[in-house]
Every structure is written in C-alpha cells, then in structure tokens.
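Each value in this text was obtained by applying a stated rule to the coordinates, not by laboratory testing. Please read these numbers as outputs of a predicted model, since none were measured by experiment. Cβ atoms come from the backbone with ideal geometry, glycine included; neighbour counts cover every protein chain shown.
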Amino acid sequence: MTIRLASLVLAAAGTFAALPASAQFAKTEDAIHYRQSAMFLQSQHFGRIAAMANGRVPFDAAAAQANADLVATISKLPWAGFAPGTEGGKAKPEIWKEQAKFKELSDKLQAETEKLASAAKGGNLDAIKAQVAQTGDTCKACHDTFRSR
C-alpha cells in the first residue's frame, strides 16, 4: 500500500512540476514571441562582445564582462518557450522530434556562455576571443539543425 501511495505522490508531483512550463503561455504565439525575444536579447549582448573580439569596436573589459554576464543569464531563458504545443515561428519541427539533441545543444550553449562570462571576468582579450568563437559555434550548430531561415 505505501509503495502505491508513494507512486501516486511521485506521479502527482511530476505532473505539477510540468504544469508551469506548459501553462506559462496562453497562446502558442506567446511562446514563440518569448523565445524569439530572449534569443534577440542574447544576440544583442553577444554581438557587443563579438564586436570587441573582432576589433570592430575598442575593447572595454568592464563592458565585455557586463555583456557576458547578461548573455550567460539570458541563455537560460528561451527554453521554456519550446514546450510541447508551441511549434512554429522559425523553429523547425525537429526540435520536438529530437528533444534529446535539442536539450544537449541548449545545455552546451548555457555551458559555453558561462565560460564566456568567466573569460570576460579575467579581462584577457585573447581568452575572450577564443570563447566568443566557441560560443558562436555552439549557437550556429543549434541554428543549423533546428532553425528555419
């Protein structure tokens, strides 16, 4: 009897834990707008660091660190907008068919943005350049696989 009760409690907890993600958006369009907005913000702040790394703007260690910290924070946001039933926008249907691969790439992006924030904290432009390249490659890998043009 206690095993059965424990199973029911765990099932209920799992159901309630999943509700916030699915109930977060009233309409599919809201989820699409949310994830696109998060990606837009991330690209804006990443672009500022990339411009420094590529020599298009003068290097400013404080600005690089502030932007890298924001990129690391923002990289955690868009994934709630990819819940089941939120297909559409520029997202390919493969996202919902290949959840494990999509999660692997989203986890990798978050890890790379944390490395970028760490590199920026060090203030070494060469280290930032190297991590900008790694982070950019991670963005590209996911977009090549899961984003429509």
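Confirm whether Gly123 is touching a residue at least 60 places away in the same chain (Cβ under 8 Å), surrounded by fewer than 17 Cβ atoms within 10 Å (Cβ to Cβ) and within 18 Å of Asn54 (Cβ to Cβ). For Gly123, the condition - touching a residue at least 60 places away in the same chain (Cβ under 8 Å), surrounded by fewer than 17 Cβ atoms within 10 Å (Cβ to Cβ) and within 18 Å of Asn54 (Cβ to Cβ) - is met.
When the range 135-149 is examined, which residues are found to be of a type in the set (S, T, N, Q) and surrounded by 15 or more Cβ atoms within 10 Å (Cβ to Cβ)?
Let us first name the residues in the range 135-149 that are of a type in the set (S, T, N, Q), namely 135, 138, 145, 148.
Hits for the range 135-149 are Thr135, Thr138.
Report, by residue number, each residue of the range 54-75 that is out of contact with any helix residue (DSSP H, G or I) (no Cβ under 8 Å at 6 or more places or on another chain) and either part of a helix (DSSP H, G or I) or aromatic (Phe, Trp, Tyr) (or both). Hits for the range 54-75 are Ala62, Ala66, Thr73.
Condition check: touching a Lys or Arg at 6+ places or on another chain (Cβ under 9 Å), buried (at least 20 other Cβ atoms within 10 Å of the Cβ), part of a helix (DSSP H, G or I) and small (Gly, Ala, Ser). Does Ala50 satisfy that? For Ala50, the condition - touching a Lys or Arg at 6+ places or on another chain (Cβ under 9 Å), buried (at least 20 other Cβ atoms within 10 Å of the Cβ), part of a helix (DSSP H, G or I) and small (Gly, Ala, Ser) - is not met.
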